[in-house]
Structure formats: structure tokens, C-alpha cells
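Enquirer: Before I ask anything, let me first share the structure, which is written out below as C-alpha cells.
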Amino acid sequence: MSTSTAQLDSSNDQISMTKNELNNWFDQRFEERRQAEEDAHTPSMSIIATKGTMDWAYPPFILASTAAALGWDVNMFFTFYGLDLLKKDLQLSVSPLGNPAMPMKMPVGPQWLKNINMNIPNAIMGNLPGFESMATAMMKKTTEVKGIASIEELRSLCLEADVKMVACQMTVDLFGHKQSDFMDEIDEWIGAASFLPTAQKSDVTLFI
């Protein structure tokens, strides 16, 4: 092999090494940039609340308050019966009729009684006077015994954690609500078209 050929091969090896080193540098920089963007990203959650009974009020507020406590940006859109969860005076009840979570166990009494599932047919639930009030009282007592925060407390926690709560203006018009019946902390009165872009950009979107 001539001297010139050996020098050329050596030069090619150096160029190859330089390309490899450059590729490795770009890969490392890309990974560092990606990791930095991931570390700087604030997770976000959008919740669409559609139900206004006491038992269905817990999931959206528990999820929202938990996510906010973790540092997430949380937006809640209340529509149809879910709009009742934004009223100043919360008068929430539990409807046992057609509720797959019913029956509830007794919250108090001896252990053998608390372990019993009282399977009462829907027809009786719907026609027995005062059954809804009894179911609501049982639910409230159960949360109290188990140390679960009330809906009012969870809603306050969400507000303190800067959870954004928006109300569906279409629902207000549909049911003839008055804005004065609702809490002052509502961020906006908007329609679905205004909320959907927010939900689209969220990392997590839940329909409850």
C-alpha cells in the first residue's frame, strides 16, 4: 500500500469518526432537549361533569382536587344536571332508582348488620315514600364515618387549588336558571364549542 493510499484511508477513518461523534452529539442534545421540555410541561386535565346527584358529584371533584394537588392545570365544564354542582346552595340527594351502585350497606350498627347488602327491587325504591331521603342520609353518614370530605369541602379545595370551573350557558338557557343562583367563583359562562379546544389540548379528558 502506498503512502498516499494509507493517508487517504486514515483521513476517511477520521471523517467517519467525526460523523459518528457528530451524530452522537446531536442525539444527546435532542434527548436533553426532549427531557427538558417534558420536565417543564405541566400536565392538564379537563373534566366534563353532567350529573347532579350526591353520589355522582364525588368523582369529578375528587379527581379535580387530586390532580390540582399534584400541580396539574384542571378545567371543569358543568353541563345539564351537572350544573347543579355549581349552585350556591347545594341540595344534593342520592337517587337509588336505577342506580347500579345501590343498595348501600348500613353505615352504622353492629358489624353483621353493616355487612348486609339490602337488595331492594327498583319498583319498591321508586314507590316507597321517603326512600330517596333515607338513601341520601345513609350516603352522608357513610362519608362521615369513613372520614370523606363533603361535596362542599371538595369544591372549596378545588377552588383553593385554582381549578377553573366553567358553566354551560346553553344549559342555563335551556332550564331557565338564573346566574344569581350560582356561586360567584365560576370563571366563565360558555358553550361546548368554547370548551372543546381546551379539552382537546388536555393530557387527560374525562366525561362523567
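Enquirer: With 25 Å as the limit, write out which pairs from Lys51/Lys140; Lys141/Lys164; Lys51/Lys178; Lys87/Lys141 have Cα-Cα distances beyond it, or answer none.
Expert: Going by Cα-Cα distance, Lys141/Lys164 fall outside the 25 Å limit.
Enquirer: What is the spin-label model distance, in nm, from Gln179 to Ala149 if the labels are put 7 Å beyond Cα along the C-beta direction?
Expert: Reported label-point gap for Gln179 and Ala149 is 2.8 nm.
Enquirer: Considering only C-alpha atoms, what is the centroid distance from segment 36-87 to segment 152-208, in Å?
Expert: 9 Å
Enquirer: Set the Förster radius R0 to 41 Å, insert the Cβ-Cβ distance between Val204 and Ser93 as r into 1/(1 + (r/R0)^6), and round the FRET efficiency to 0.05.
Expert: After rounding to 0.05, the efficiency reads 0.90.
Enquirer: For the pair Glu21 and Lys141, how long in nm is the line joining their label points, each one 7 Å along Cα→Cβ?
Expert: It works out to 7.9 nm between the two label points.
Enquirer: Efficiency by 1/(1 + (r/R0)^6): what FRET value for His41 and Ala192, r their Cβ-Cβ distance, R0 = 22 Å, to the nearest 0.05?
Expert: 0.25
Coordinate-derived values only; no laboratory data. Nothing here was measured: the structure is a model prediction, and the numbers come from that model. Quick reminder, even Gly has a Cβ in these numbers, built from the backbone with ideal geometry, and neighbours come from all protein chains shown.
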